[in-house]
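Note sheet for the following structure.
The values are calculated or read from the model by the stated rules, or taken from the named source; none is laboratory data. Small disclaimer: the values here were computed from a predicted structure and weren't measured. For neighbour counting, all protein chains shown are included, and Cβ atoms are generated from backbone atoms with ideal geometry for every residue, glycine included. Accessible surface is based on the protein model in full, side chains and every heavy atom, while ligands, DNA and RNA are left aside. Shrake-Rupley method; radii C 1.70, N 1.55, O 1.52, S 1.80 Å.
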Amino acid sequence: MDTLPLGFRLKGQPCLVVGGGDIALRKVSLLLRAGGIVTLVAPEVLPALRAQVEAAGGTVHLRPYTSDDIADQTLVISATDDEALNAAVSQACQARRIPVNVVDAPALCTVIFPAIVDRSPLLIGISSNGVSPVLARILRGKIESMIPAAYGRLAQLLGEFRTLAKQTFPDTSSRRAFWEAQLEGPMPDLVFSGRDDEARSHLQQAFAAPQKQQAGEVYLVGAGPGDPDLLTFKALRLMQQADVIVYDRLVSAPILDLCRRDADRIYVGKARAEHAVPQEGINALLVRLAQEGKRVCRLKGGDPFIFGRGGEEIEELAAAGISFQVVPGITAASGCAAYAGIPLTHRNYAQSVRFVTGHLKDGTPDLPWAELVHPNQTLVLYMGLVSLGPIREQLLAHGLTPSTPVAMISKGTTPQQQVITGTLENIVEKLAGQPLPAPTLIIVGEVVQLRDQLNWFSPAPVTHERD
Ligand code: SAH
(Lines give C-alpha, C1' and ligand atoms only; values in the text may rest on other atoms or scores of the structure.)
Protein backbone atom coordinates (compact mmCIF):
# COMPACT_ATOMS: atom_id res chain seq x y z
CA MET A 1 0.00 0.00 0.00
CA ASP A 2 1.69 3.18 -1.16
CA THR A 3 -0.77 5.47 0.58
CA LEU A 4 -3.34 5.03 3.32
CA PRO A 5 -6.87 6.08 2.31
CA LEU A 6 -8.23 8.33 5.06
CA GLY A 7 -11.26 10.60 5.24
CA PHE A 8 -10.10 14.21 5.64
CA ARG A 9 -12.56 16.29 7.66
CA LEU A 10 -12.16 19.72 6.03
CA LYS A 11 -15.26 21.47 7.32
CA GLY A 12 -14.24 24.99 8.39
CA GLN A 13 -10.56 24.29 7.73
CA PRO A 14 -8.33 26.70 5.78
CA CYS A 15 -7.14 25.28 2.45
CA LEU A 16 -4.81 26.96 -0.02
CA VAL A 17 -5.06 26.50 -3.76
CA VAL A 18 -2.27 27.83 -5.97
CA GLY A 19 -3.43 28.35 -9.55
CA GLY A 20 -6.43 29.92 -11.23
CA GLY A 21 -7.31 27.73 -14.22
CA ASP A 22 -9.57 24.78 -15.01
CA ILE A 23 -7.68 22.27 -12.90
CA ALA A 24 -7.79 24.55 -9.90
CA LEU A 25 -11.53 24.94 -10.51
CA ARG A 26 -12.09 21.20 -10.23
CA LYS A 27 -10.11 20.93 -7.00
CA VAL A 28 -11.77 23.99 -5.50
CA SER A 29 -15.21 22.49 -6.17
CA LEU A 30 -14.20 19.40 -4.22
CA LEU A 31 -12.75 21.36 -1.32
CA LEU A 32 -15.88 23.47 -1.12
CA ARG A 33 -18.12 20.41 -1.22
CA ALA A 34 -16.24 19.13 1.80
CA GLY A 35 -16.76 22.47 3.58
CA GLY A 36 -13.17 23.79 3.31
CA ILE A 37 -12.47 27.54 3.51
CA VAL A 38 -10.48 28.23 0.37
CA THR A 39 -7.79 30.82 -0.21
CA LEU A 40 -6.79 31.02 -3.84
CA VAL A 41 -3.57 32.57 -5.05
CA ALA A 42 -2.82 33.22 -8.74
CA PRO A 43 -1.98 36.24 -10.91
CA GLU A 44 -4.96 35.39 -13.12
CA VAL A 45 -8.10 33.56 -12.09
CA LEU A 46 -11.04 32.30 -14.17
CA PRO A 47 -14.07 34.46 -13.38
CA ALA A 48 -16.20 31.40 -12.57
CA LEU A 49 -13.56 30.12 -10.18
CA ARG A 50 -13.24 33.45 -8.44
CA ALA A 51 -17.00 33.72 -8.08
CA GLN A 52 -17.21 30.22 -6.63
CA VAL A 53 -14.53 30.82 -4.02
CA GLU A 54 -15.94 34.18 -2.97
CA ALA A 55 -19.51 32.93 -2.87
CA ALA A 56 -18.40 30.27 -0.41
CA GLY A 57 -16.73 32.83 1.87
CA GLY A 58 -13.18 32.21 0.63
CA THR A 59 -10.51 34.69 -0.46
CA VAL A 60 -8.89 35.27 -3.84
CA HIS A 61 -5.45 36.94 -4.10
CA LEU A 62 -4.61 38.07 -7.62
CA ARG A 63 -0.84 37.86 -7.33
CA PRO A 64 1.95 35.30 -7.53
CA TYR A 65 2.36 32.72 -4.76
CA THR A 66 4.83 33.39 -1.95
CA SER A 67 6.05 30.85 0.60
CA ASP A 68 4.19 32.71 3.36
CA ASP A 69 0.89 31.65 1.80
CA ILE A 70 1.08 28.17 3.22
CA ALA A 71 1.27 29.29 6.83
CA ASP A 72 -1.57 27.87 8.96
CA GLN A 73 -3.12 25.91 6.08
CA THR A 74 -4.64 22.49 6.74
CA LEU A 75 -4.23 21.38 3.15
CA VAL A 76 -2.44 22.86 0.15
CA ILE A 77 -3.06 22.15 -3.52
CA SER A 78 -0.82 23.33 -6.31
CA ALA A 79 -2.68 23.34 -9.60
CA THR A 80 -0.44 25.30 -11.97
CA ASP A 81 1.37 24.33 -15.16
CA ASP A 82 4.62 25.80 -13.84
CA GLU A 83 6.71 22.81 -12.76
CA ALA A 84 9.22 24.87 -10.78
CA LEU A 85 6.43 26.61 -8.89
CA ASN A 86 4.68 23.30 -8.17
CA ALA A 87 7.96 21.88 -6.83
CA ALA A 88 8.53 24.93 -4.64
CA VAL A 89 5.03 24.71 -3.14
CA SER A 90 5.50 21.01 -2.49
CA GLN A 91 8.89 21.46 -0.81
CA ALA A 92 7.69 24.31 1.38
CA CYS A 93 4.73 22.24 2.55
CA GLN A 94 6.75 19.11 3.17
CA ALA A 95 9.25 21.11 5.23
CA ARG A 96 6.36 22.17 7.50
CA ARG A 97 4.56 18.83 7.31
CA ILE A 98 1.51 20.37 5.70
CA PRO A 99 -0.36 17.87 3.51
CA VAL A 100 0.16 18.85 -0.11
CA ASN A 101 -1.23 17.73 -3.44
CA VAL A 102 0.27 18.74 -6.76
CA VAL A 103 -2.02 18.03 -9.64
CA ASP A 104 -0.61 15.47 -12.09
CA ALA A 105 2.69 15.12 -10.20
CA PRO A 106 2.37 12.17 -7.83
CA ALA A 107 6.03 12.41 -6.79
CA LEU A 108 5.39 15.89 -5.35
CA CYS A 109 2.31 14.85 -3.38
CA THR A 110 2.03 13.77 0.22
CA VAL A 111 -1.71 13.31 -0.24
CA ILE A 112 -3.57 12.26 -3.36
CA PHE A 113 -7.17 12.70 -4.48
CA PRO A 114 -8.99 9.49 -5.22
CA ALA A 115 -11.74 9.35 -7.85
CA ILE A 116 -14.90 9.73 -5.79
CA VAL A 117 -18.30 8.12 -5.90
CA ASP A 118 -20.32 10.50 -3.76
CA ARG A 119 -23.40 9.08 -2.11
CA SER A 120 -22.99 11.25 0.96
CA PRO A 121 -22.85 10.34 3.74
CA LEU A 122 -21.52 7.26 1.95
CA LEU A 123 -18.29 7.89 0.06
CA ILE A 124 -16.19 5.62 -2.09
CA GLY A 125 -12.71 6.66 -3.11
CA ILE A 126 -10.80 4.85 -5.84
CA SER A 127 -7.13 5.46 -6.20
CA SER A 128 -4.45 4.09 -8.49
CA ASN A 129 -1.88 6.03 -6.46
CA GLY A 130 -1.13 8.19 -9.43
CA VAL A 131 -0.18 5.22 -11.62
CA SER A 132 -3.25 5.49 -13.85
CA PRO A 133 -5.90 8.06 -12.97
CA VAL A 134 -7.80 7.02 -16.12
CA LEU A 135 -8.11 3.46 -14.85
CA ALA A 136 -9.38 4.76 -11.52
CA ARG A 137 -11.94 6.91 -13.33
CA ILE A 138 -13.16 4.00 -15.46
CA LEU A 139 -13.55 1.89 -12.35
CA ARG A 140 -15.43 4.74 -10.76
CA GLY A 141 -17.83 4.74 -13.72
CA LYS A 142 -18.50 1.05 -13.12
CA ILE A 143 -19.13 1.57 -9.44
CA GLU A 144 -21.32 4.61 -10.15
CA SER A 145 -23.50 2.47 -12.37
CA MET A 146 -23.84 -0.26 -9.75
CA ILE A 147 -24.78 1.93 -6.84
CA PRO A 148 -28.11 3.70 -7.08
CA ALA A 149 -27.98 7.45 -6.67
CA ALA A 150 -30.23 7.15 -3.64
CA TYR A 151 -27.67 5.19 -1.60
CA GLY A 152 -26.85 8.37 0.25
CA ARG A 153 -30.46 8.77 1.36
CA LEU A 154 -30.49 5.14 2.43
CA ALA A 155 -27.38 5.67 4.56
CA GLN A 156 -28.96 8.76 6.08
CA LEU A 157 -32.12 6.86 6.94
CA LEU A 158 -30.12 4.09 8.60
CA GLY A 159 -28.32 6.78 10.58
CA GLU A 160 -31.66 7.91 12.05
CA PHE A 161 -32.08 4.49 13.63
CA ARG A 162 -28.61 4.02 15.07
CA THR A 163 -29.53 4.80 18.66
CA LEU A 164 -32.72 2.76 18.53
CA ALA A 165 -30.78 -0.17 17.05
CA LYS A 166 -28.28 -0.06 19.92
CA GLN A 167 -31.11 -0.04 22.46
CA THR A 168 -33.11 -2.78 20.78
CA PHE A 169 -30.15 -5.07 20.05
CA PRO A 170 -27.49 -4.41 22.66
CA ASP A 171 -25.24 -7.19 21.39
CA THR A 172 -23.36 -6.56 18.18
CA SER A 173 -24.10 -9.81 16.42
CA SER A 174 -27.89 -9.63 16.73
CA ARG A 175 -27.72 -6.00 15.69
CA ARG A 176 -25.70 -6.92 12.62
CA ALA A 177 -28.09 -9.75 11.74
CA PHE A 178 -31.03 -7.36 12.01
CA TRP A 179 -29.41 -4.79 9.70
CA GLU A 180 -28.41 -7.47 7.22
CA ALA A 181 -31.96 -8.74 7.03
CA GLN A 182 -33.24 -5.21 6.54
CA LEU A 183 -30.71 -4.32 3.88
CA GLU A 184 -31.36 -7.51 1.95
CA GLY A 185 -35.13 -7.08 2.20
CA PRO A 186 -37.46 -4.73 0.35
CA MET A 187 -36.69 -1.63 2.47
CA PRO A 188 -33.76 -0.25 0.42
CA ASP A 189 -35.82 -0.34 -2.73
CA LEU A 190 -38.47 1.78 -1.14
CA VAL A 191 -35.78 4.45 -0.72
CA PHE A 192 -34.42 3.91 -4.24
CA SER A 193 -37.87 4.51 -5.67
CA GLY A 194 -38.39 7.67 -3.65
CA ARG A 195 -40.72 6.16 -1.02
CA ASP A 196 -38.58 7.21 1.96
CA ASP A 197 -41.56 7.59 4.31
CA GLU A 198 -42.69 4.04 3.61
CA ALA A 199 -39.13 2.83 4.17
CA ARG A 200 -39.04 4.67 7.49
CA SER A 201 -42.29 3.14 8.70
CA HIS A 202 -41.13 -0.27 7.43
CA LEU A 203 -38.09 0.07 9.70
CA GLN A 204 -40.17 1.29 12.62
CA GLN A 205 -42.37 -1.77 12.30
CA ALA A 206 -39.36 -4.03 12.01
CA PHE A 207 -37.96 -2.62 15.25
CA ALA A 208 -41.33 -3.03 16.95
CA ALA A 209 -41.68 -6.69 15.87
CA PRO A 210 -38.24 -7.92 14.81
CA GLN A 211 -39.32 -11.57 14.48
CA LYS A 212 -42.23 -10.98 12.12
CA GLN A 213 -41.70 -12.32 8.62
CA GLN A 214 -41.37 -9.59 6.04
CA ALA A 215 -43.79 -9.46 3.13
CA GLY A 216 -42.40 -10.08 -0.33
CA GLU A 217 -42.45 -7.80 -3.31
CA VAL A 218 -42.76 -8.10 -7.07
CA TYR A 219 -40.55 -6.26 -9.52
CA LEU A 220 -42.05 -6.05 -12.96
CA VAL A 221 -38.91 -5.54 -14.99
CA GLY A 222 -38.51 -4.71 -18.66
CA ALA A 223 -35.51 -6.64 -19.95
CA GLY A 224 -35.27 -4.84 -23.30
CA PRO A 225 -35.25 -6.50 -26.71
CA GLY A 226 -32.29 -8.87 -26.25
CA ASP A 227 -28.91 -7.17 -26.00
CA PRO A 228 -27.99 -7.27 -22.29
CA ASP A 229 -26.25 -3.90 -22.68
CA LEU A 230 -29.68 -2.36 -23.14
CA LEU A 231 -30.79 -3.22 -19.60
CA THR A 232 -31.28 -0.32 -17.22
CA PHE A 233 -29.17 -0.10 -14.06
CA LYS A 234 -32.31 -0.56 -12.04
CA ALA A 235 -33.33 -3.69 -13.93
CA LEU A 236 -29.91 -5.22 -13.34
CA ARG A 237 -29.94 -4.39 -9.66
CA LEU A 238 -33.36 -5.95 -9.09
CA MET A 239 -32.43 -8.99 -11.19
CA GLN A 240 -29.45 -9.47 -8.89
CA GLN A 241 -31.35 -9.24 -5.65
CA ALA A 242 -34.52 -11.18 -6.42
CA ASP A 243 -35.10 -14.59 -4.83
CA VAL A 244 -37.15 -15.84 -7.78
CA ILE A 245 -37.05 -14.94 -11.46
CA VAL A 246 -40.27 -15.48 -13.40
CA TYR A 247 -39.42 -15.03 -17.07
CA ASP A 248 -40.90 -15.63 -20.47
CA ARG A 249 -39.74 -16.58 -23.90
CA LEU A 250 -38.62 -13.15 -25.02
CA VAL A 251 -35.98 -12.87 -22.31
CA SER A 252 -32.64 -13.74 -23.91
CA ALA A 253 -30.22 -16.23 -22.36
CA PRO A 254 -27.42 -13.68 -21.83
CA ILE A 255 -29.88 -11.56 -19.84
CA LEU A 256 -30.93 -14.49 -17.68
CA ASP A 257 -27.25 -15.11 -17.01
CA LEU A 258 -27.11 -11.74 -15.30
CA CYS A 259 -29.71 -12.71 -12.70
CA ARG A 260 -28.65 -13.69 -9.22
CA ARG A 261 -26.97 -17.09 -9.49
CA ASP A 262 -28.85 -18.78 -6.69
CA ALA A 263 -32.27 -17.34 -7.54
CA ASP A 264 -35.00 -19.83 -8.49
CA ARG A 265 -35.99 -19.50 -12.14
CA ILE A 266 -39.50 -20.17 -13.34
CA TYR A 267 -40.24 -20.23 -17.05
CA VAL A 268 -43.75 -19.15 -17.92
CA GLY A 269 -43.39 -19.38 -21.67
CA LYS A 270 -45.62 -17.37 -23.99
CA ALA A 271 -44.75 -18.37 -27.50
CA ARG A 272 -47.55 -17.30 -29.85
CA ALA A 273 -50.66 -19.27 -29.11
CA GLU A 274 -48.85 -21.82 -26.90
CA HIS A 275 -48.90 -20.24 -23.51
CA ALA A 276 -46.75 -22.40 -21.23
CA VAL A 277 -48.61 -20.91 -18.28
CA PRO A 278 -51.84 -19.03 -18.99
CA GLN A 279 -51.92 -15.38 -17.93
CA GLU A 280 -54.18 -16.07 -14.96
CA GLY A 281 -51.73 -18.71 -13.80
CA ILE A 282 -48.85 -16.22 -14.00
CA ASN A 283 -50.80 -13.63 -12.03
CA ALA A 284 -51.64 -16.16 -9.32
CA LEU A 285 -48.03 -17.41 -9.22
CA LEU A 286 -46.69 -13.89 -8.64
CA VAL A 287 -49.17 -13.32 -5.82
CA ARG A 288 -48.37 -16.64 -4.17
CA LEU A 289 -44.57 -16.17 -4.31
CA ALA A 290 -44.81 -12.67 -2.85
CA GLN A 291 -47.10 -13.90 -0.10
CA GLU A 292 -44.43 -16.44 0.80
CA GLY A 293 -42.16 -13.48 1.48
CA LYS A 294 -40.11 -13.79 -1.72
CA ARG A 295 -38.72 -10.95 -3.77
CA VAL A 296 -39.94 -11.83 -7.21
CA CYS A 297 -38.48 -10.45 -10.42
CA ARG A 298 -41.05 -10.76 -13.20
CA LEU A 299 -38.78 -10.37 -16.19
CA LYS A 300 -40.38 -9.45 -19.48
CA GLY A 301 -39.03 -8.74 -22.94
CA GLY A 302 -38.93 -5.09 -23.99
CA ASP A 303 -41.06 -2.80 -21.89
CA PRO A 304 -43.59 -4.38 -19.53
CA PHE A 305 -46.29 -1.87 -20.43
CA ILE A 306 -46.00 -2.20 -24.20
CA PHE A 307 -47.88 -5.28 -25.36
CA GLY A 308 -46.53 -6.99 -22.27
CA ARG A 309 -49.70 -7.49 -20.22
CA GLY A 310 -47.87 -5.79 -17.38
CA GLY A 311 -51.01 -3.88 -16.55
CA GLU A 312 -52.95 -7.06 -15.87
CA GLU A 313 -50.24 -8.44 -13.63
CA ILE A 314 -50.06 -5.38 -11.43
CA GLU A 315 -53.85 -5.14 -11.19
CA GLU A 316 -53.81 -8.57 -9.62
CA LEU A 317 -50.94 -7.66 -7.30
CA ALA A 318 -52.67 -4.47 -6.22
CA ALA A 319 -55.87 -6.40 -5.53
CA ALA A 320 -53.92 -8.80 -3.31
CA GLY A 321 -52.24 -5.89 -1.48
CA ILE A 322 -48.76 -6.86 -2.67
CA SER A 323 -46.14 -4.20 -3.05
CA PHE A 324 -44.62 -3.93 -6.51
CA GLN A 325 -42.40 -1.79 -8.70
CA VAL A 326 -42.38 -1.40 -12.45
CA VAL A 327 -39.10 -0.89 -14.28
CA PRO A 328 -39.41 0.32 -17.86
CA GLY A 329 -37.36 -1.35 -20.55
CA ILE A 330 -36.33 -0.49 -24.07
CA THR A 331 -39.20 -1.63 -26.20
CA ALA A 332 -38.60 -3.71 -29.34
CA ALA A 333 -39.51 -0.77 -31.57
CA SER A 334 -36.75 1.45 -30.18
CA GLY A 335 -34.17 -1.31 -29.91
CA CYS A 336 -34.76 -2.88 -33.32
CA ALA A 337 -35.04 0.46 -35.11
CA ALA A 338 -31.79 1.72 -33.61
CA TYR A 339 -29.88 -1.47 -34.35
CA ALA A 340 -31.25 -1.65 -37.88
CA GLY A 341 -30.43 2.00 -38.62
CA ILE A 342 -34.04 3.13 -39.07
CA PRO A 343 -35.10 6.35 -37.31
CA LEU A 344 -38.73 5.94 -36.29
CA THR A 345 -39.44 9.62 -36.92
CA HIS A 346 -37.68 12.04 -39.23
CA ARG A 347 -38.34 15.68 -40.04
CA ASN A 348 -38.93 14.92 -43.70
CA TYR A 349 -40.53 11.48 -43.62
CA ALA A 350 -42.50 10.83 -40.45
CA GLN A 351 -43.84 13.15 -37.79
CA SER A 352 -45.55 10.42 -35.86
CA VAL A 353 -45.07 6.77 -35.06
CA ARG A 354 -47.63 4.21 -33.98
CA PHE A 355 -47.02 0.96 -32.16
CA VAL A 356 -49.67 -1.54 -33.19
CA THR A 357 -50.28 -5.16 -32.34
CA GLY A 358 -50.54 -7.42 -35.34
CA HIS A 359 -51.83 -10.26 -33.21
CA LEU A 360 -55.25 -10.45 -34.74
CA LYS A 361 -58.17 -11.86 -32.82
CA ASP A 362 -59.24 -15.13 -34.50
CA GLY A 363 -56.96 -14.22 -37.40
CA THR A 364 -59.30 -11.42 -38.51
CA PRO A 365 -57.88 -7.94 -38.88
CA ASP A 366 -59.91 -5.50 -36.78
CA LEU A 367 -57.46 -2.62 -36.42
CA PRO A 368 -58.47 1.00 -37.12
CA TRP A 369 -56.91 0.81 -40.57
CA ALA A 370 -58.01 4.24 -41.75
CA GLU A 371 -56.11 5.84 -38.87
CA LEU A 372 -53.04 3.75 -39.47
CA VAL A 373 -52.85 4.74 -43.11
CA HIS A 374 -51.78 8.26 -42.46
CA PRO A 375 -49.23 10.26 -44.44
CA ASN A 376 -45.88 10.78 -42.75
CA GLN A 377 -46.54 8.19 -40.09
CA THR A 378 -44.36 5.21 -39.24
CA LEU A 379 -46.15 2.01 -38.26
CA VAL A 380 -44.47 -0.50 -36.00
CA LEU A 381 -46.23 -3.84 -35.89
CA TYR A 382 -45.55 -6.10 -32.94
CA MET A 383 -46.50 -9.76 -33.28
CA GLY A 384 -47.33 -9.20 -36.93
CA LEU A 385 -45.31 -11.80 -38.82
CA VAL A 386 -47.98 -14.47 -38.94
CA SER A 387 -50.64 -12.03 -40.10
CA LEU A 388 -48.42 -10.16 -42.52
CA GLY A 389 -50.56 -11.16 -45.52
CA PRO A 390 -53.91 -9.85 -44.23
CA ILE A 391 -52.24 -6.80 -42.68
CA ARG A 392 -50.66 -5.88 -45.98
CA GLU A 393 -53.95 -6.29 -47.82
CA GLN A 394 -55.75 -3.99 -45.40
CA LEU A 395 -53.06 -1.33 -45.56
CA LEU A 396 -53.18 -1.36 -49.36
CA ALA A 397 -56.98 -1.39 -49.40
CA HIS A 398 -57.02 1.67 -47.13
CA GLY A 399 -54.71 3.65 -49.35
CA LEU A 400 -51.03 2.98 -48.60
CA THR A 401 -49.12 2.83 -51.88
CA PRO A 402 -47.62 -0.52 -52.86
CA SER A 403 -44.16 1.05 -52.98
CA THR A 404 -44.25 1.93 -49.25
CA PRO A 405 -41.01 0.58 -47.73
CA VAL A 406 -41.19 -2.21 -45.16
CA ALA A 407 -38.54 -3.70 -42.88
CA MET A 408 -38.77 -6.96 -40.99
CA ILE A 409 -36.36 -7.30 -38.10
CA SER A 410 -35.88 -10.72 -36.58
CA LYS A 411 -34.21 -11.20 -33.18
CA GLY A 412 -33.38 -7.52 -33.15
CA THR A 413 -30.37 -6.27 -31.13
CA THR A 414 -29.01 -9.82 -30.70
CA PRO A 415 -26.06 -11.34 -32.59
CA GLN A 416 -28.68 -13.26 -34.62
CA GLN A 417 -30.41 -10.09 -35.84
CA GLN A 418 -31.62 -10.26 -39.44
CA VAL A 419 -33.17 -7.48 -41.39
CA ILE A 420 -35.18 -7.92 -44.56
CA THR A 421 -36.36 -4.85 -46.41
CA GLY A 422 -38.79 -4.54 -49.29
CA THR A 423 -42.05 -2.83 -50.11
CA LEU A 424 -45.65 -3.56 -49.26
CA GLU A 425 -45.87 -4.99 -52.74
CA ASN A 426 -43.04 -7.48 -52.57
CA ILE A 427 -42.39 -8.19 -48.89
CA VAL A 428 -44.59 -11.27 -48.65
CA GLU A 429 -42.91 -12.80 -51.71
CA LYS A 430 -39.48 -11.88 -50.35
CA LEU A 431 -40.24 -13.81 -47.20
CA ALA A 432 -41.65 -16.87 -48.93
CA GLY A 433 -39.54 -19.94 -48.45
CA GLN A 434 -37.17 -18.34 -45.93
CA PRO A 435 -39.06 -18.10 -42.64
CA LEU A 436 -37.69 -15.57 -40.19
CA PRO A 437 -37.16 -16.77 -36.64
CA ALA A 438 -39.34 -15.15 -33.97
CA PRO A 439 -39.52 -12.59 -32.53
CA THR A 440 -39.96 -10.36 -35.54
CA LEU A 441 -40.91 -6.73 -35.70
CA ILE A 442 -42.32 -5.01 -38.78
CA ILE A 443 -41.69 -1.37 -39.58
CA VAL A 444 -43.75 0.24 -42.34
CA GLY A 445 -43.04 3.72 -43.67
CA GLU A 446 -40.76 5.98 -45.66
CA VAL A 447 -38.20 6.07 -42.81
CA VAL A 448 -37.19 2.52 -43.76
CA GLN A 449 -35.41 3.81 -46.85
CA LEU A 450 -33.09 5.89 -44.65
CA ARG A 451 -31.54 2.67 -43.52
CA ASP A 452 -29.23 2.52 -46.53
CA GLN A 453 -27.81 5.91 -45.63
CA LEU A 454 -27.60 5.36 -41.89
CA ASN A 455 -26.87 1.71 -41.41
CA TRP A 456 -23.11 2.12 -41.52
CA PHE A 457 -23.10 3.19 -37.89
CA SER A 458 -25.58 0.59 -36.73
CA PRO A 459 -24.33 -0.82 -33.43
CA ALA A 460 -25.68 -4.34 -34.00
CA PRO A 461 -22.90 -6.76 -33.11
CA VAL A 462 -23.24 -8.91 -36.23
CA THR A 463 -25.92 -8.37 -38.83
CA HIS A 464 -26.70 -11.15 -41.24
CA GLU A 465 -28.20 -9.42 -44.23
CA ARG A 466 -30.71 -10.99 -46.53
CA ASP A 467 -32.03 -7.99 -48.44
N1 SAH B 1 -43.15 -5.92 -24.28
C2 SAH B 1 -42.43 -6.18 -25.50
C3 SAH B 1 -43.33 -6.65 -26.60
C4 SAH B 1 -44.01 -7.96 -26.36
S5 SAH B 1 -44.99 -8.48 -27.70
C6 SAH B 1 -41.67 -4.91 -25.92
O7 SAH B 1 -41.89 -3.83 -25.36
O8 SAH B 1 -40.83 -5.03 -26.79
C9 SAH B 1 -43.91 -9.54 -28.57
C10 SAH B 1 -43.50 -8.94 -29.89
O11 SAH B 1 -42.48 -7.98 -29.68
C12 SAH B 1 -42.87 -9.91 -30.84
O13 SAH B 1 -43.86 -10.64 -31.55
C14 SAH B 1 -42.11 -9.00 -31.76
O15 SAH B 1 -42.96 -8.37 -32.68
C16 SAH B 1 -41.63 -7.94 -30.81
N17 SAH B 1 -40.23 -8.17 -30.34
C18 SAH B 1 -39.83 -8.28 -29.08
N19 SAH B 1 -38.49 -8.43 -29.03
C20 SAH B 1 -38.06 -8.40 -30.29
C21 SAH B 1 -36.77 -8.52 -30.90
N22 SAH B 1 -35.66 -8.69 -30.19
N23 SAH B 1 -36.70 -8.47 -32.24
C24 SAH B 1 -37.81 -8.30 -32.99
N25 SAH B 1 -39.03 -8.19 -32.46
C26 SAH B 1 -39.17 -8.24 -31.13
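Worth a mention:
- Placing +1 on the Cβ of every Lys and Arg and -1 on the Cβ of every Asp and Glu, with no other charges, gives the stretch 217-330 a dipole of roughly 160 debye about its Cα centre.
- Antiparallel %, DSSP beta bridges [both residues in the chain], to 5: 35
- Contour excess over end-to-end distance, with Cα ends at residue 279 and residue 131 and 0.36 nm allotted per residue: 47.7 nm
- Considering only 172, 92, 57, the residue lying farthest towards the positive end of the dipole of the chain is 172, judged by Cα position with unit charges set on Cβ.
- Structural descriptor for the stretch 123-204: relative contact order 24 percent, calculated from alpha carbon pairs under 8 angstrom and at least 6 residues apart.
- Taking the Cα centre of the chain as origin and assigning +1 to Lys and Arg Cβ atoms and -1 to Asp and Glu Cβ atoms, the resulting dipole is close to 920 debye.
- For the stretch 14-113, the Kirkwood hydrodynamic radius comes to 13.0 Å, computed from all pairs of different C-alpha atoms.
- Gyration tensor verdict on the chain (Cα atoms; rounded if a/c is under 1.5, prolate if a/b is larger than b/c, oblate otherwise): oblate
- Binned Cα-Cα distances of the stretch 217-330, short to long, each 10 Å bin given as a whole percent: 15, 54, 29, 1
- Accessible carbon and sulfur surface of the stretch 334-397 relative to its total accessible area, %, 1.4 Å: 53
- In the stretch 289-365, a dipole from Cβ-located charges (positive for Lys and Arg, negative for Asp and Glu) runs towards its positive end, and of 289, 328, 311 it is 328 whose Cα lies farthest in that direction.
- Using Cβ point charges alone (K and R +1, D and E -1), the dipole size of the stretch 339-454 about the Cα centre works out to roughly 300 debye.
- Pair-distance profile P(r), taking every C-alpha pair of the stretch 339-454, with 10 angstrom steps and integer %: 14, 50, 32, 4
- Placed amide H near residue 376: partners under 5 Å, 5+ positions off or other chain: none
- Only protein heavy atoms count here; under a 1.4 Å probe, residue 266 has an accessible surface of about 50 Å².
- For the stretch 339-454: relative contact order, % (alpha-carbon pairs under 8 angstrom, 6 or more apart): 34
- Listed residues 186, 231, 337: farthest to the positive end of the dipole of the chain (Cβ charges): 186
- Sequence-distant contacts, meaning Cα pairs under 8 Å at least 6 residues apart, place the relative contact order of the stretch 217-330 at 43 percent.
- Solvent-accessible heavy-atom area per residue, rounded to whole Å², over the stretch 55-185 at 1.4 Å: 58
- Taking label points 7 Å from Cα along the Cα-to-Cβ direction, residue 120 and residue 180 give a separation of 3.2 nm.
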